[in-house]
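Asker: Can you read through this structure? Questions will come right after.
The values are calculated or read from the model by the stated rules, or taken from the named source; none is laboratory data. All figures in this text were calculated on a predicted structure; none of them were measured in a lab. FYI the Cβ positions are ideal-geometry reconstructions off the backbone, even for glycines, and counts take in every protein chain you see. For the accessible areas, the whole protein counts, side chains as well, though only heavy atoms, and no ligand, DNA or RNA atoms are used. Shrake-Rupley method; radii C 1.70, N 1.55, O 1.52, S 1.80 Å.
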Amino acid sequence: MLDRRLHLHLATWLGQWPAGPGLHVVGTHRRARPAWDGRLRPAIAVTAGASTVLSVPPDRVAVVRDLARGPARRLLPGLPAAVGHAGWAVHDDVFRWSVAPAPLSEVGEWTAPTAPGLPSWLRLFDRPVLVVRDDRGRFLAGVGVKRHDAYGRELAVGTAPAARNRGLARRLVAQAARRVLDEGGIPTYLHDRRNAASARVAEAAGFPDRGWRSYGVYPS
């Protein structure tokens with residue numbers, strides 16, 4: 001049975017959930033408003049089994065439905081132009097979530113994203129981020145939490161070159177996931193299907209691959 005928090009997140013984030021078999025193009029004003037980092041996400045889709053919900057701005061529904069009626073191979077390449085952002089990229093990811101993060105030891109501390117020495121990607125967040133530093137105070141690894149709605153909390157992790165292969169990423173992801181669950185949310189984790197390192201982190205942190213997919217049009 002689907003976790004209630006995940007159900008509420010997807011229904012809010014996409015504008016509809018669940019849906020029957022096939023591709024369902026739905027319109028929601030959320031796709032026309034800035035997302036967690038102040039930038040647009042004009043197309044977001046989630047696929048579970050044989051069902052896909054593709055969420056776009058209301059004024060783009062007809063155009064995207066016309067595109068979707070064509071050959072499947074043309075959907076993703078044509079999606080940016082169909083939602084009015086022809087120069088933007090399409091991201092095609094594995095979609096994961098967890099209700100039971102791995103019981104890994106905690107390693108990071110929550111700090112303001114404006115704290116000195118943090119990489120630029122962590123400064124996109126407007127709430128505390130989870131960070132590990134070395135004994136000289138230099139950044140080693142961190143996790144930011146993308147707050148999509150009242151329930152959905154997507155985790156983004158990154159490590160400095162000096163910290164790779166030390167297991168910090170998986171410990172941070174599991175630690176952040178436990179906090180999200182404690183706060184009543186559902187932690188999600190997206191990564192490119194070709195990114196083997198991210199897949200290993202997700203599996204080790206307790207985010208199994210259930211065969212779900214998410215794709216969309218948004219800035220890198």
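Asker: Taking a virtual spin label 7 Å from the Cα of Ala89 along the C-beta vector, which residues in region 176-220 bring their backbone nitrogen under 11 Å of it?
Answerer: Residues 192, 218-220 qualify, since their backbone N sits under 11 Å from the label point.
Asker: Okay, which of region 146-180 sit inside 11 Å, backbone N to the point 7 Å along the Cα-Cβ direction of Asp126?
Answerer: Taking a point 7 Å out along Cα→Cβ of Asp126, the residues of region 146-180 whose backbone N falls under 11 Å are 147.
Asker: Looking at the chain only, what percent of DSSP beta bridges run antiparallel? Nearest 5 please. Could you put the intermediate results ahead of the total?
Answerer: On the way: 34 of 43 bridges.
The antiparallel proportion sits near 80 percent.
Asker: Kindly report, to the nearest 10 Å², the accessible surface of Ser98 as traced by a 1.4 Å probe over protein heavy atoms only.
Answerer: My reading of the accessible area for Ser98 is about 0 Å².
Asker: Another one. List the extent of the Cα atoms of the chain along each of their three principal axes, largest first, rounded to whole Å.
Answerer: Principal-axis extents of the chain (Cα, largest first): 57, 38, 30 Å.
Asker: Here is a further query. From largest accessible area down, sort His9, His148, His24, His29; use a 1.4 Å probe on the protein chains. Mind showing how you got there, number by number?
Answerer: Numbers: His9 0, His148 30, His24 55, His29 120 Å².
My answer, sorted largest first, is His29, His24, His148, His9.
Asker: Okay, moving on. For the chain, which span is the longest to avoid every loop-located (per DSSP) member of trypsin sites (Lys or Arg not before Pro) having at most 12 other Cβ atoms inside 10 Å?
Answerer: Working: sites that count: Arg39, Arg69, Arg136, Arg138, Arg193, Arg194, Arg210.
Longest site-free region, per DSSP loop and neighbour criteria: 70-135.
Asker: Add -39500 (n - 2.57) for each DSSP H run of 4 or more in the chain, then divide by its residues: what number comes out at 222 nm, to the nearest 500 deg cm²/dmol? List each step's numbers first, then the result.
Answerer: Working: 5 runs with 52 residues, N = 220.
Using -39500 (n - 2.57) per qualifying helix, the result is -7000 deg cm²/dmol.
Asker: If you plug each phi of region 122-138 into the Karplus form 6.51 cos²θ - 1.76 cosθ + 1.60 with θ = phi - 60°, what whole-Hz ³J(HN,Hα) values come out, in order, with x for Gly and Pro?
Answerer: Ordered by residue, 3J(HN,Hα) equals 6, 6, 5, 7, 9, 10, x, 10, 9, 10, 10, 10, 7, 5, 9, x, 7 Hz.
Asker: Shape verdict for region 1-74, please, from the Cα gyration tensor: rounded (a/c under 1.5), prolate (a/b greater than b/c) or oblate. Present the calculation step by step, with values, prior to reporting the outcome.
Answerer: Values: a/c = 2.10, a/b = 1.06, b/c = 1.98.
Oblate is the answer for region 1-74, as a/c is 1.5 or above yet b/c matches or exceeds a/b.
Asker: Also, I was wondering about something else. Would you grab the residues whose amide H sits under 5 Å from the one on Asp93? Only those 5+ places off in sequence or on another chain, please, with H modelled 1.01 Å from N.
Answerer: Ser214, Tyr215
Asker: I would also like to ask the following. Enumerate the amide H contacts of Ser51 below 5 Å, restricted to partners 5 or more residues apart or on another chain; note that Pro and chain-start residues carry no placed amide H.
Answerer: Long-range HN contacts for Ser51: Gly22.
Asker: Distance between Cα centroids, region 35-81 to region 132-186: provide it in whole Å.
Answerer: For region 35-81 versus region 132-186, the Cα centre distance is 29 Å.
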